[in-house]
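Structure record follows, encoded as C-alpha cells.
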Amino acid sequence: MKLLKDYQVLSLVRRLRPVIEKDHTWRNDAACLEEDPELFFPIGTTGPAIGQAQNAREVCDGCDVEAKCLVWALTQNINEGVWGGTTEAERRALKRRMKRARDTEDATRKMESLGVN
C-alpha cells in the first residue's frame, strides 16, 4: 500500500468499513488465496523475516482488494502478519496517525462550535 496521508487513511477507513463489515466476499478476490499463508506471517522483524514480509507485500501490491484488506486489519485490530500490504509495525503507526487525525478533527469541530476560526 502506498504511503497515505493521515486524513487519507481515515477517509479510507470511513468509506470502506461499512462495506467490508456487511459483505465479506471481498476476500474471495484476494491475491493471497493462491499463496502459502505462512508467507504472510513472518516470524520476527529482522533477518529473513524482512525478506519474507517484502515478498508478502509484493503479493499485496498486485491485489484488487488491498485497501479493503488493510481496512479490515485496522478495524478488527489484527496485529499479526502482513495485511493490506502493511506489516504489524506499519499498522500500529497507521493507527496512531489515525487517532491523531481524529483528535485534530474533534478539536477543529469544537473550536468551530465555539466560534473560533
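Each value in this text was obtained by applying a stated rule to the coordinates, not by laboratory testing. Not measured: the values here are computed from a predicted model. Glycine also receives a Cβ, built like all others from the backbone with ideal geometry; neighbour counts cover every protein chain displayed.
Remarks
- Cα-centre dipole for the chain with unit charges at Cβ (Lys and Arg positive, Asp and Glu negative), debye to 20: 840 debye
- Lysine pairs in region 1-106 whose alpha-carbon atoms fall under 20 angstrom of each other, counting only those eight or more residues apart or on distinct chains, come to 9.
- FRET efficiency for residue 106 and residue 21, using Cβ-Cβ distance with R0 set to 30 Å, rounded to 0.05: 0.85
- From least to most packed, judged by other beta carbons within 10 angstrom and beginning with the fewest, 11, 113 follow the order 113, 11.
- Measuring r between the beta carbons of residue 45 and residue 96 and using R0 = 22 Å, the FRET efficiency lands at 0.80.
- Once the Cα atoms are used to define both axes, helix 6-22 deviates from the longest principal axis of the chain by about 70 degrees.
- Helix-derived mean residue ellipticity, 222 nm - over the chain, DSSP H n ≥ 4, -39500 (n - 2.57), to 500: -19000 deg cm²/dmol
- In percent, rounded to a whole number, the relative contact order of the chain is 30, using alpha-carbon pairs under 8 Å and six or more apart.
- Extension gain from residue 55 to residue 36, taking 0.36 nm per residue of separation minus the Cα-Cα distance: 5.7 nm
- Here the scattering of the chain is modelled by Debye summation over its C-alpha atoms, one equal scatterer each and no solvent; at q = 0.22 Å⁻¹ the log10 of I(q)/I(0) is -1.25.
- Residues within the reach of a label modelled at residue 28 (point 7 angstrom out along Cα to beta-carbon, backbone nitrogen below 20 Å), restricted to region 55-94, are 63-70, 72.
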